[in-house]
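> One structure, as structure tokens, below. Some questions next.
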Amino acid sequence: MGLEIRSECAGDEADIDVCVTRAFGSADEANLVRMLRDWQPGFDAELSICAWDGEELVGHLVMTPVPMRMLGGRVSAAAVAPVAVIPSRQRQGIGGKMLAFGHELARSKGIELAFLTGHPSYYPRHGYQCRFGF
């Protein structure tokens, strides 16, 4: 089957929990996703990105819109986390495809900046720059 990248739909929640738990080996990040969905006022299910291979959810990421002030002005931004791909499907470009889909969608919604805390050798190949503070 081909990989389908799309936004989260109603009813995907349990599959997302399983995928994220498998990817990280614990439920901590799945709990974070659930808390973002339930409690973060800016949560946008369209920016909760799923990678499906047939009936199996093999990857998931969340981009949470957040207001930011930067250099004296307001910037529309998104916090990116967590980015999860199940272990048997890692290193196959799925994370990059989800990031590209999410970035394009976020831009269409007026988001100008995406940021995350993540692996310094992985994320720069997807347009992120390493920074530590301002």
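> Check off (1) more than 16 Å from the chain's Cα centre (by Cα); (2) more than 18 Å from Gln90 (Cβ to Cβ); (3) assigned to a loop (DSSP other than H, G, I, E, B) for Cys9 and give me the number that stays unchecked.
The one condition Cys9 does not meet is (1).
> Quick check on my filter: what residues within segment 36-72 are in a strand (DSSP E or B) and among the aliphatic types (A, V, I, L, M)? Explain how you work it out, then say what you get.
So in segment 36-72, the residues in a strand (DSSP E or B) come out as 48-53, 56-70.
Ile49, Ala51, Leu57, Val58, Leu61, Val62, Met63, Val66, Met68, Met70 - these are the residues of segment 36-72 that are in a strand (DSSP E or B) and among the aliphatic types (A, V, I, L, M).
> Out of Arg34, Arg69, which single residue is open to solvent by 40 Å² or more (accessible area, probe 1.4 Å), basic (Lys, Arg) and either at pLDDT below 95 or in contact with a Leu (Cβ under 6 Å, 6 or more places away or on another chain) (or both)? Before you say what the answer is, go through the steps one by one.
Working: Arg34 fails: either at pLDDT below 95 or in contact with a Leu (Cβ under 6 Å, 6 or more places away or on another chain) (or both).
Of the residues listed, the single one that is open to solvent by 40 Å² or more (accessible area, probe 1.4 Å), basic (Lys, Arg) and either at pLDDT below 95 or in contact with a Leu (Cβ under 6 Å, 6 or more places away or on another chain) (or both) is Arg69.
> Moving to a separate point now. State whether the residues of segment 73-90 include one that is within 22 Å of Asn31 (Cα to Cα), open to solvent by 10 Å² or more (accessible area, probe 1.4 Å) and assigned to a loop (DSSP other than H, G, I, E, B).
Yes, the conditions are met somewhere in segment 73-90.
> With respect to Leu47, is the statement that it is hydrophobic (A, V, I, L, M, F, W, C), open to solvent by 40 Å² or more (accessible area, probe 1.4 Å), touching a Pro at 6+ places or on another chain (Cβ under 8 Å) and closer than 21 Å to Ile86 by Cα true? First the steps, then the outcome.
Details: hydrophobic (A, V, I, L, M, F, W, C): yes; open to solvent by 40 Å² or more (accessible area, probe 1.4 Å): no; touching a Pro at 6+ places or on another chain (Cβ under 8 Å): yes; closer than 21 Å to Ile86 by Cα: yes.
Criteria not met by Leu47.
> Would you point out the residue of segment 11-31, among those that are among the small types (Gly, Ala, Ser) and open to solvent by less than 50 Å² (accessible area, probe 1.4 Å), that is nearest to Val83 (Cα to Cα)?
First pass over segment 11-31, keeping only residues among the small types (Gly, Ala, Ser): 11, 14, 23, 25-27, 30.
Narrowing further to those that are open to solvent by less than 50 Å² (accessible area, probe 1.4 Å): 23, 26-27, 30.
Numbers: Ala23: 9, Ser26: 14, Ala27: 14, Ala30: 11 Å.
The residue in question is Ala23.
> Related question: Kindly evaluate Glu8 against the criterion of being open to solvent by 70 Å² or more (accessible area, probe 1.4 Å) and either modelled with pLDDT under 95 or within 21 Å of Ala100 (Cα to Cα) (or both). Steps first, answer last, please.
Working: open to solvent by 70 Å² or more (accessible area, probe 1.4 Å): no; either modelled with pLDDT under 95 or within 21 Å of Ala100 (Cα to Cα) (or both): yes.
Criteria not met by Glu8.
The values are calculated or read from the model by the stated rules, or taken from the named source; none is laboratory data. Keep in mind that what you see is a predicted model, and the values were worked out from it rather than measured. Cβ coordinates were reconstructed from backbone atoms using ideal geometry, including for glycine residues, and neighbour counts include every protein chain displayed. Surface accessibility is based on the protein's heavy atoms, side chains included, excluding ligands, DNA and RNA. Shrake-Rupley method; radii C 1.70, N 1.55, O 1.52, S 1.80 Å.
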